Amino acid sequence: IYVVGADGDALNEVSDGPWSYDPTWAPGGDRVAYASTRAGVKRHSIYVSDVRRGGEQQLTVPGTVAYHPSWRPSGNRIAYVQITDGVSDMHVMDDQGRHLAQLTDDGDWESRPSWHPRGTRIAFSSGGEDEGHGDIYTMNADGSDRRRLTAHAASDMDPIWSPDGRYILFTSTRDARRPEDGGICLSWA
């Protein structure tokens, strides 16, 4: 993962691993959280790099499969996905990898957490209720008050909140002949 100035200057590598992905900025712009498989193919972990001073820290326990980090707008929490016994669930931790909490435990395949701009809710995709088709859900930051926002035979995934928190933008395979031909949709939150 690299950071580059908006003018194309000052290219800086911030990850020290073979396959790093899913970068997300800390609200202050000084750190980046991301997933990496440097410990092995089935050992994805969440790392944080300090963009200004250098250095990185592994936040999740070695040997776990954790990915899709999303930084809370206040900067003190990171939501992420962890696979345990073949099931992916939403988790949250502080920005030092402590105070871990599992937010979902329903046997559904969940992914791509996205924090509401005020940090009160998390949007995510889940593939459980309708024969494995993904839909968009929201829940409180503590995992309570889960709400399903979409119910469609297509797969809805990759939600992201609008800056004002009124809408959720997501990708979908609606009206596509093939899953890879999906488009972008908008839902009211």
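The values are calculated or read from the model by the stated rules, or taken from the named source; none is laboratory data. Note that this is a predicted model, so its numbers are computed, not measured. So basically every Cβ, Gly included, is an ideal-geometry build from the backbone, and we count neighbours across all protein chains shown. With ligands, DNA and RNA removed, areas are computed over all heavy atoms of the protein, side chains included. Shrake-Rupley method; radii C 1.70, N 1.55, O 1.52, S 1.80 Å.
Tabulated results
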quantity	calculated
Residues located in region 144-174, provided they are assigned to a loop (DSSP other than H, G, I, E, B), in contact (Cβ under 8 Å) with a residue 24 or more places away in the chain and crowded, with 18+ Cβ neighbours inside 10 Å	THR150, ALA154, SER155
Matching residues, region 78-94, being among the hydroxyl-bearing types (Ser, Thr, Tyr) and either touching a helix residue (DSSP H, G or I) at 6+ places or on another chain (Cβ under 6 Å) or open to solvent by less than 30 Å² (accessible area, probe 1.4 Å) (or both)	TYR80, SER88
Single condition VAL81 does not satisfy, out of (1) at pLDDT below 90; (2) closer than 22 Å to MET139 by Cβ	(1)
Filter pass, LEU59 being over 22 Å from ASN140 (Cβ atoms) and surrounded by 17 or more Cβ atoms within 10 Å (Cβ to Cβ)	yes
Region 119-131, residues that are closer than 20 Å to ASP164 by Cα, open to solvent by 10 Å² or more (accessible area, probe 1.4 Å) and either assigned to a strand (DSSP E or B) or in contact with a Ser or Thr (Cβ under 9 Å, 6 or more places away or on another chain) (or both)	ARG121
Answer from GLY75, GLY54 - the residue that is part of a loop (DSSP other than H, G, I, E, B), touching a residue at least 40 places away in the same chain (Cβ under 8 Å) and more than 10 Å from the chain's Cα centre (by Cα)	GLY75
Residue in region 9-21 that is assigned to a loop (DSSP other than H, G, I, E, B), under 18 Å from ASP94 (Cα atoms) and aliphatic (A, V, I, L, M) present	no
Among the residues listed as GLY134, GLY75, GLY107, GLY97, the single one being small (Gly, Ala, Ser), modelled with pLDDT under 95 and surrounded by 22 or more Cβ atoms within 10 Å (Cβ to Cβ)	GLY134
In region 135-172, the residues that are at positive phi and of a type in the set (D, E, K, R)	ASP145, ASP158
Long-range neighbours under 9 Å by Cβ, at least six apart or interchain, first residue open to solvent by 60 Å² or more (accessible area, probe 1.4 Å) and at pLDDT 90 or above within region 25-46, second of a type outside the set (Ser, Thr, Tyr) and not in a loop (DSSP other than H, G, I, E, B)	TRP25/ARG31; TRP25/VAL32; TRP25/ALA33; TRP25/TRP71; PRO27/TRP71
